[in-house]
1. Run the Debye formula on the Cα coordinates of the protein assembly as shown, all scatterers equal and no solvent, and tell me log10 I(q)/I(0) at q = 0.08 1/Å.
2. Do the sum for the protein assembly as shown: with -39,500 (n - 2.57) for every DSSP H run of n ≥ 4, divided by all residues, what is the mean residue ellipticity at 222 nm, to the nearest 500 deg cm²/dmol?
3. Hey, in the GNM for chain B with a 10 angstrom Cα cutoff, which one of B:S167, B:S225, B:S255 fluctuates hardest?
4. Let me make sure I get this right: for the range A:68-144, a, b and c are the square roots of the gyration tensor eigenvalues over alpha carbons, sorted descending. Under 1.5 in a/c it's rounded, otherwise prolate if a/b > b/c, else oblate. Which is it?
5. Taking θ = phi - 60°, what integer Hz values does the Karplus form 6.51 cos²θ - 1.76 cosθ + 1.60 yield along the range B:132-144, in sequence order, with x for Gly and Pro?
6. Could you work out how far apart the two model spin labels at A:S339 and B:A281 are, taking each label as a point 7 Å from the Cα in the direction of the beta carbon, and quote it in nm?
7. Which aspartates and glutamates does A:K41 reach when only Cα atoms under 17 Å apart count, and residues fewer than 8 places away in its own chain are ignored?
8. Between B:E227 and A:A123, take the C-beta separation as r, use R0 = 56 Å, and let me know the FRET efficiency to the nearest 0.05.
Amino acid sequence: MEVELTNLSKKFGDVVGVEALDLDIRDGEFVAFLGPSGCGKTTTLLMLAGIYRPTTGTIRFGDRIVNQLQPRDRNIGMVFQSYALYPHMTVFGNIAYPLKLKKVPRQEQQRRVEAAAETMGIAHLLDRRPGQLSGGQQQRVALGRALVKEPDILLFDEPLSNLDARLRLTMRGEIRSLQKRLGITAIYVTHDQVEALTMADRIAVMNLGRLQAFATPDDLYERPPTKFIAGFVGNPPMNFLEIEFAQENGAMQLRSESLELGLPPEFAAAAAAADGAVTFGIRPEDISLDDYGPVSGEVFVVEPLGRDDLLDIIVGTEHFLLLADPKRKSRAGDRVRLSFDMTRAHFFDPRSELALSWK
Amino acid sequence: MTAYGFMAPAGLLVLLFFFLPVLIVLYLSLTNLASANFTSNLAEMEFIGLRNFQTLLNDQFAKKIFFNTIFYVLSTLALFNVTAALIVSLLTAHINRRAGFIFRALWILPRITTSTVYILIWRRMMAEAPFGIINQVNTALGWPTWNYGSENPWVFVILVNGFIGISFGMIIFTSAIESIPKDLMNASLVDGSSYLQRIRHVTLPLLRWPLLFVVTYQSLSLLTSFEQILLLTDGGPGLYRTEVWALTAFHRALSNYFGNTQWGYGSAFAVVLVIIGVVLAVVYMRVFRFDELVAEPRIEVL
Ligand SMILES: Nc1ncnc2c1ncn2[C@@H]1O[C@H](COP(=O)(O)OP(=O)(O)O)[C@@H](O)[C@H]1O
Ligand SMILES: [Mg+2]
């Protein structure tokens, strides 16, 4: 089912939940809503579900405008962060509930609940009550309940946030492959960029109630359209620095108080035309420790991440994050030299924070 | 030792204001103390064993009063303290929060109005034509007028107490409804329920404990309440038409019509009430398993 949101807003009195959201979601697509807490993800989802009535704008499912439809007439399945299982019903009762409301005959209820439980790997738990299940099992029940009525659209509101890291990893893969197999359009709310990047076909990045970008994970990572996205997507986050450009011996240079870097030719023309300060961004993986590098600095903090060491390096008055091989056994206080892969540099207008697409 | 220390203040209060009075009443119920034989010398009071209880059993009106009490408690409880309270809570939970709050606040008025004032209002309402407000409305609409006080005293006794009783259940139920997680309520709608179906399948089952609590607490408190009836009908009209047990205890012991206050005999009525109350409390605790209600929650194992 295609989903189209047009100029969708929700205000709670003076508080803006979501503002002028436009979004086109293709049939069978897995879309993640990514953004920090309070940016309006849940509000958007609840409008899609029919719990909240939009203040302005329209919601279209397929070729039907559903603004006026009650939740039960929208044929959606929803999974909540808190699982939201009915504590007084058994697992069977929970999964069968949507079917019971649809007046599906008993035998078919039985068959479909068992099938859904089988898919979710919880067939042996049907007699239990939610209180007797682990968090992971509860989330599987919730997923089974959302799937059993064969919805046109699946909505997820941070479904994995309450699970431990390991389980999160498994569930991520399971939800993704299940969605692909069933071909149901899915909208998945998360504040965890790794979830969004690994699961989604496209990611809608939101901030302060507004859509910041809607693009594939690759696009967002490689060509972040705003400074907010550049900083939000990617872990560890991109390094930012206020710089100016200068001409030296016919070559363009990037300058700040603490460092000078040569600029590759593809940026030169645009940089020459730029006037005043620009925000320079570079990802940690594009900076490397290099004994012959042009910039010198001092290791400030070492944070071992296992596969890599995350180094916080001071250059003059600036801090840079970068990843280093643990075999180097970096220690705080080490003098190091750095080289920057400037072909991977990003530039942003410091006022509008929009990317300057100079390449 | 510390545990007893903590319990001591409450224990002392219970001792002073429940056990001690019960013991005194129990003792009085075994005597013939009455204004007729009361002199300045308390030693003249006679210990007469269970004779008061014998009299009570043979009292031709005791049976009527007993069934009056059951009728009064059950109807007020069923119609108002539970059902109406539940309806008010559910209604106000489904409308605008502010409007709901104001509406609920209105329902608290009967409870916080001084009972004499509250009853005066009702007596004004139900008074005979041409004075009574209801009868004035009847007249204006061209309907027949009624002498409500003598024709339908029970209706008004139950209304008067029910209107007070609603607020207790209303507060308990409303807070219980508000504490149901929002996600759960939303999940039910998404799963395909209407608002009514959600009330039936989700809200009401989750109100089980508050419901049992209100039934228990309110039936015990209705059993012992009498001041509204005292002020409204004083147990009348006629002989014991709306007299309830607690009111009889009061009448016999403290305010006899014939000027003969029988402290001993009245105490016997009070003792019976205490026994019924204790028995009911124990039964409720067993049937509704209150120990489970107050048990520690099982730790959530993720
Ligand atoms: N029912 C509500 N009443 C008032 N304000 C709300 C309500 N729901 C959400 N908001 C506000 O709208 C904004 C977006 O909230 P929400 O959609 O829950 O954010 P997210 O799910 O992205 O963390 C927040 O500022 C929040 O305080
Ligand atoms: Mg949220």
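1. Cα-only, vacuum Debye calculation for the protein assembly as shown: -0.83.
2. Values: 26 runs with 292 residues, N = 661.
My calculation for the protein assembly as shown gives -13500 deg cm²/dmol from helical runs alone.
3. So, out of B:S167, B:S225, B:S255, the one fluctuating most is B:S255.
4. Numbers: a/c = 1.86, a/b = 1.24, b/c = 1.50.
Oblate, since a/c reaches 1.5 and b/c is not below a/b.
5. x, 5, 4, 5, 5, 4, 4, 4, 4, 8, x, 8, x
6. Output for this residue pair reads 8.6 nm.
7. Straight-line reach from A:K41, under 17 Å: A:E4, A:E19, A:D22, A:D24, A:D157, A:E158, A:D192, A:E195, B:D183.
8. On the way: r = 61 Å, r/R0 = 1.09.
FRET efficiency, B:E227 to A:A123: 0.35.
Where a number appears in this text, it was derived from the coordinates with a stated rule and is not lab data. The structure displayed is predicted, hence computed values, not measured ones. Backbone-built Cβ (ideal geometry, glycine too); neighbour counts: all protein chains shown.
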